[in-house]
Amino acid sequence: MNAPTPLIEVERLDAWYGRRRVLHGVDFSVGAGEIRVIMGGSGSGKSTLLRHLLGLQRPGAGTVKLFGVDLARAGERELQEVRKRIGVSFQGGALLTSLTVGENVALPLREHTRLDESTIRIMSRLKLEVVDLGGFQDLMPSQLSGGMVKRAALARAIAMDPRLLFFDEPSAGLDPVVSAELDELILRLRDALRMTIVVVTHELESAFKIADTITVLDAGEVLMTGPAAAVRAAPNERIQDLLNRRPREVQVDADAYLRRLTEEEA
Amino acid sequence: MNALTRPLAGLGRVTLEALGGVGYAAMLLLEALYYALFGWRVGQRLRLAPVVRQMREIGVDALPIVALLGLTVGLMLGIQFIASLSEFGAQSQVVLAVAKSVTREFGALITAILVAGRSGSALAARIGSMSVSQEVDALSVIGIDPVRYLVAPALLAMLVMLPVLTIVADAAAILGAALYSAPALDVTPGAYLLHTMSLLDAGDVWQGLSKSLVFAVLITLIGVSTGFSVTGGAEGVGRATTRAVVLSICWIIVVDMVFSFFLNR
């Protein structure tokens with residue numbers, strides 16, 4: 001993992017929702033060819049971190065760089081070039097419901113390339129074959145099952161052969177077999193297409209199966225980043241709580257508690 | 001003290017939110033126009049196909065209902081004007097009254113209210129459900145600006161089709177008035193229509209059409225901006241749809257009044 005420049009560099013990232021601070025000075029970097037899993041419980045800030053990595057939100061403070069481009073400062077053209085080199089598979093798939101599966105996969109190609117229609121058709125069908133959805137191109141997204149939607153979303157994400165692939169909660173809402181298949185698919189993609197992959201998940205099993213390195217987030221802070229084995233052996237109590245599914249021990253601050261109960265504008 | 005400041009704070013918050021909404025809509029308008037004209041320069045070329053599709057959905061599909069409503073409103077105006085003008089023995093002036101009021105006012109107003117209910121709500125619902133299911137985010141990360149992909153086609157289609165529909169409504173309403181008034185005035189409907197044409201000047205029709213352009217912008221912007229600001233799942237989408245229709249119709253009526261005032265001074 002001694003890549004000269006990391007593909008993703010995040011420095012001292014702060015994020016706020018209103019008055020609530022969701023990310024506290026997060027430092028994060030991912031090198032080429034790595035499969036990085038961002039792990040954390042609900043409300044740990046992992047989805048927010050992903051939104052910042054994708055440039056969907058402006059940082060409160062700090063910088064987010066993809067391929068060395070600062071997303072908050074980049075011009076429209078520059079941002080466009082970055083976006084051509086990343087692929088994103090959203091949690092619910094986020095396929096455009098007005099288009100067929102095939103048109104969804106072809107969408108990035110139609111927008112960014114000047115290929116003729118038959119080439120686009122062949123390329124999008126190829127991507128559907130990669131995710132084992134060959135022959136499903138004419139169905140509408142609403143006609144697919146949950147696992148198929150995720151795979152179709154993955155096919156769209158890799159349509160432009162991105163160097164960097166983001167995957168939000170690949171196994172959420174899927175049965176164990178289908179989610180294991182998706183994990184295999186992710187590993188295969190990295191080996192076959194040499195992609196760098198960032199996966200956000202709270203599923204421990206799938207995280208340890210696919211991860212080269214894991215970043216553990218908790219309450220908006222990075223607890224640790226390291227190889228999967230190191231994370232498993234980490235002495236940190238909160239990491240072990242997460243790994244062993246132990247409920248958190250919530251310490252009650254009496255003053256803050258009273259204030260929350262009595263304050264008029266929380 | 002608190003009892004005094006809280007309503008004030010509430011008022012301030014509502015005002016700020018309203019101002020924010022207007023600013024957001026204005027920004028959407030500028031961006032949509034920018035992408036329509038110069039999008040190709042930044043790799044965001046506006047395609048013709050979605051514009052044509054929107055024109056069909058907003059315009060062509062609404063033709064029958066617009067014509068029917070226009071005809072009905074024309075009949076109603078004929079009935080009312082004959083009744084009220086005959087009190088002064090001035091029934092013959094019904095031709096003038098209908099011609100002016102339809103072209104300047106009712107044609108554009110009826111069409112806009114109908115399209116707000118049909119297409120403004122559809123825009124809000126479509127964009128709202130797309131925001132909820134992260135489709136808008138997906139467009140952004142693919143490198144497709146949501147404003148170019150979702151707003152610009154709708155805006156262009158609305159700007160073309162609302163005036164077209166308004167003309168159809170004008171014609172249908174005048175025809176409707178002719179059907180009722182011509183027998184009452186002892187003339188043929190053909191003669192009634194010819195008389196109408198001789199009384200109308202281009203300025204009357206323009207007044208209606210210029211309003212319909214403003215209504216087109218209002219309906220689109222209110223529809224898409226409520227759609228983009230949807231939060232809270234399916235219920236939020238429903239709320240946004242209702243809000244889009246109610247807001248559009250309120251704005252249309254108020255703006256219509258303001259325009260009528262200034263255009264008739």
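The values are calculated or read from the model by the stated rules, or taken from the named source; none is laboratory data. Quick caveat, the model's predicted, so the values are computed rather than measured. No Cβ is skipped: glycine too gets one built from the backbone with ideal geometry, and neighbour counts run over all protein chains shown. All accessible areas refer to the heavy atoms of the entire protein, side chains included, with ligands and DNA or RNA removed. Shrake-Rupley method; radii C 1.70, N 1.55, O 1.52, S 1.80 Å.
Observations on the model:
- Global geometry of region B:190-265, whether rounded, prolate or oblate, following the gyration tensor of its Cα atoms and the 1.5 cut on a/c: prolate
- Residues in region A:36-83 occluded by at least 40 Å² - accessible area, probe radius 1.4 Å, against chain by itself: A:L56, A:E76, A:R77, A:Q80, A:R83
- Residues of region B:118-145 whose accessible area, computed with a 1.4 Å probe over protein heavy atoms, drops by at least 30 Å² once all protein chains are present relative to their chain alone are B:Q134, B:E135, B:D137, B:A138, B:S140, B:V141, B:I142, B:G143, B:I144.
- Under 5 Å, built H, 5+ apart or other chain: amide partners of A:I35: A:I197, A:D212, A:T213
- Nearest 10 degrees, 0 to 90: helix B:121-132 Cα axis against chain B principal axis: 10
- Local electrostatic count, B:A32, Cβ distance below 11 Å [Lys/Arg +1, Asp/Glu -1]: -1
- Lysines with Cα under 19 Å of B:K211, excluding same-chain neighbours fewer than 8 positions away: B:K100
- Between the alpha-carbon centres of region B:165-208 and region A:1-76 there is a gap of 65 Å.
- Charged-residue dipole, Cβ positions (Lys, Arg, Asp, Glu), chain A about Cα centre, Debye nearest 20: 440
- If the chain linking B:C250 and B:L63 were pulled fully straight, counting 0.36 nm for each residue of separation and taking away their Cα-Cα distance, it would gain 65.0 nm.
- Carbon + sulfur, % of accessible area of chain A - ligands and nucleic acids excluded, 1.4 Å: 49
- Here, region A:121-266 has an Rg and a Dmax of 20.0, 64 Å when only alpha carbons are counted.
- Region B:83-123 - Debye-derived log10 I(q)/I(0), Cα point model, q = 0.21, 0.25, 0.30, 0.31 Å⁻¹: -0.68, -0.78, -0.90, -0.92
- Region B:145-218: C-alpha pair distances exceeding 14 Å, %: 68
- In terms of overall dimensions, region B:74-182 has a Cα radius of gyration and Dmax of 20.8, 69 angstrom.
- Pairwise Cα distances in chain A exceed 25 Å for 49 percent of all pairs.
- Rounded to whole numbers, the Karplus 3J(HN,Hα) couplings from phi for region B:142-147 are 6, x, 9, 5, x, 5 Hz, using 6.51 cos²θ - 1.76 cosθ + 1.60 with θ = phi - 60°, and x at Gly and Pro.
- Global form of region A:36-129, assessed from the alpha-carbon gyration tensor, a/c cut-off 1.5: oblate
- Accessible surface of chain B, 1.4 Å probe: 73 percent of it comes from carbon and sulfur atoms.
- Accessible area per residue for chain A is 51 Å², calculated with a 1.4 Å probe on protein heavy atoms, without ligands, DNA or RNA.
- Exposure ranking of A:E205, A:E264, A:E117 by accessible area [1.4 Å probe, largest first]: A:E205, A:E264, A:E117
- Histogram of C-alpha separations across the protein assembly as shown, 20 Å bin width, %: 18, 42, 27, 11, 2
- Relative to the Cα centre, the charge distribution of the protein assembly as shown, modelled as +1 at Lys and Arg Cβ and -1 at Asp and Glu Cβ, gives a dipole magnitude of about 580 debye.
- Cα-derived Rg over Rh, computed across region A:146-231 with Rh taken as Kirkwood radius: 0.96
- Solvent-accessible surface (1.4 Å probe) assigned to B:W251 amounts to roughly 110 Å².
- Principal axis dimensions, chain B - Cα atoms, whole angstrom, descending: 67, 58, 34
- Taken across both chains, chains A and B shield about 2000 Å² of accessible surface from a 1.4 Å probe.
- Across region B:1-82, Cα-Cα distances exceeding 20 Å account for 68% of all pairs.
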